Amino acid sequence: MNLHEYQSKSLFADYGIPVQGGEVAHSASEVAELARGLGGDAWLVKAQVHAGGRGKAGGVKFTRDLDELEQHAARLIGSQLITGQSAPDGQPVNCVLIAAAADIEHELYLGAVIDRAARRVAFMASRAGGMDIEEVAATTPEKIFNLAVDPVLGLQGYQCREMAFALELDAAQRKQLQVILEGLYRLICECDVSLVEINPLAILTDGSLCAVDAKINLDDNALFRQKKIADWRDPSQEDEKERRAQEFDLNYVTLDGNIACMVNGAGLAMATMDIIKLCGGQPANFLDVGGGTTAARVAEAFKIIVSDSKVEAILVNIFGGIVRCDLIAEGIIAAVTDVGISVPVVVRLEGTNVDEGKALLASSGLAITSAENLADAAEKVVAAVGVQ
């Protein structure tokens, strides 16, 4: 689950991390009053979307004029912001963050992720912060300092000092950075954060450090114990098909191809997408309906699949271990009938009651093509979309 910048900054403040002052506006009429309340003579209006690269895409504007600030907000609120990290059609801007402009002397980068291979929280920092940090990582990775935190020992003072020296901070700033790092580490551990970024972490003209931007991603699997934060979810920022899939405990990820996949089991789903690619096709999605799927969930999965206008064929690949193949076949027949699917459907069943399942499909009278094995299924579905 992703958080908006203003939500992330709220958590930062709770953990003692200094943040740039700001207020959220849902309409342009609020902007001038909010800016006056923040004080100062210069402000930023920042589109609140779950995508990076807002500055380059026109989603962050600076001005010293309140009327212009209001105009920027009016243009952004209700628009679709397309960035290098957003969906192709952009992300909806439902609100903006009005922030008092900071007097920045230098921009740093600070981030942390869960390194699952190392089983550590891994911090990353660079003196070369700002909008081009991705280019820094790609072309001059030596400018990025890394440290890993032992989960038994926790974050150590010497590690904070090493990072501070790498960032070329003075004595006062080194103490500030230690407070920030310790706050981030507690935030990560206590709130089940999988990724956090501050870009930029600004050195202000008075020498202090301040989080001018904030990004937090949380582990979806831990939201049951993060009730307050879970309530901050913004469904408007999520892919509609993926959001619907979550409601029915389906694991769905939208892809760019035209062959939809419905599979039970994540490993089998990955193998299915691989063999489609091997045969020259392009998968339209990753969809794992789970080992104990039901006919009702199969029907919902079909509805989600056919809501994607790019889909030209569907491959159903089910291994009947926990669930019987005849029950899955009944679900497929009911779904194809109820949903009114007009694209070719290729089904490969294997496992418990596979013969009964295939017999049900064959006698259904529907345009469902049965496959003997996974390779046969992939060849048939790829041929169905016209790939030779």
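The values are calculated or read from the model by the stated rules, or taken from the named source; none is laboratory data. Here the structure is a predicted model, which is why all the values come from computation and not from measurement. So basically every Cβ, Gly included, is an ideal-geometry build from the backbone, and we count neighbours across all protein chains shown. When the accessible area is computed, the model is the full protein with side chains, heavy atoms only, and any ligands, DNA or RNA have been set aside. Shrake-Rupley method; radii C 1.70, N 1.55, O 1.52, S 1.80 Å.
Which entries in LYS228/LYS303; LYS310/LYS380; LYS310/LYS358; LYS358/LYS380; LYS61/LYS215; LYS215/LYS241 show an alpha-carbon gap greater than 20 Å? Correct reply: LYS228/LYS303; LYS310/LYS358; LYS215/LYS241.
Charges were assigned to the Cβ only: +1 to each Lys and Arg, -1 to each Asp and Glu. The resulting dipole of region 35-170 about its Cα centre is roughly 460 debye.
At 37 °C and 0.692 mPa s, grab the translational diffusion coefficient of region 201-359 from Stokes-Einstein with a Kirkwood Rh over Cα pairs, rounded to a whole number in µm² per second. Mind dumping the intermediate values first?
On the way: Rh = 17.6 Å.
Answer from the Stokes-Einstein relation: 187 µm²/s.
Tell me, how many Å apart are the Cα centres for region 167-240 and for region 22-52? So the separation of the two Cα centres works out to 20 Å. Computed with a 1.4 Å probe on the full set of protein chains, the accessible area for ASP249 sits at about 120 Å². Here LYS143 is the anchor, and the aspartates and glutamates within straight C-alpha reach of less than 13 Å, apart from those fewer than 8 places off in the same chain, are ASP132, GLU134, GLU135, GLU168. Charged side chains reduced to their Cβ positions (Lys and Arg at +1, Asp and Glu at -1) give region 195-354 a dipole of some 280 debye around its Cα centre.
For region 247-388, the relative contact order works out to 26 percent when only alpha carbon pairs closer than 8 Å and six or more residues apart are counted. Across all Cα pairs in region 295-351, the calculated P(r) in 10 Å bins from zero up to the longest distance comes to 23, 58, 18, 1 percent per bin. Surface composition of the chain: carbon plus sulfur atoms contribute 51% of the solvent-accessible area (1.4 Å probe, protein chains only, all chains present).
Give me the Kirkwood hydrodynamic radius of region 321-371, using the inverse of the mean 1/r over all pairs of distinct Cα atoms, in Å to one decimal. Intermediate values should be presented prior to the final figure.
On the way: mean 1/r = 0.0917 Å⁻¹.
Kirkwood hydrodynamic radius for region 321-371: 10.9 Å.
With every protein chain in place and a 1.4 angstrom probe, the accessible-area ranking of LYS143, LYS56, LYS215, largest first, reads LYS56, LYS143, LYS215.
Counting only Cα atoms, the size of the chain along its three principal axes is 78, 51, 40 Å, in decreasing order. Accessible-area rank, largest first, for ILE328, ILE82, ILE341: ILE82, ILE341, ILE328, with all protein chains present and a 1.4 angstrom probe.
If you sort the three axes of the alpha carbon gyration tensor as a ≥ b ≥ c, you get a/c of 1.5 or more for region 62-121 and a/b no higher than b/c, which makes it oblate.
Within region 119-185, all pairs of alpha-carbon atoms sorted by distance into 10 Å bins from zero give the percentages 20, 48, 29, 2.
Computed log10 I(q)/I(0) for region 8-124 at 0.13, 0.24 Å⁻¹: -0.59, -1.36, from the Debye equation with unit scatterers placed on every C-alpha and solvent omitted.
Each principal axis of region 167-249 carries a Cα extent, and these read 53, 23, 19 Å when sorted largest first.
So what is the orientation-averaged projected area of region 1-52, using the convex hull of its C-alpha atoms, in nm²?
Values: hull surface 18.0 nm².
Over all viewing directions, region 1-52 projects a mean Cα-hull area of 4.5 nm².
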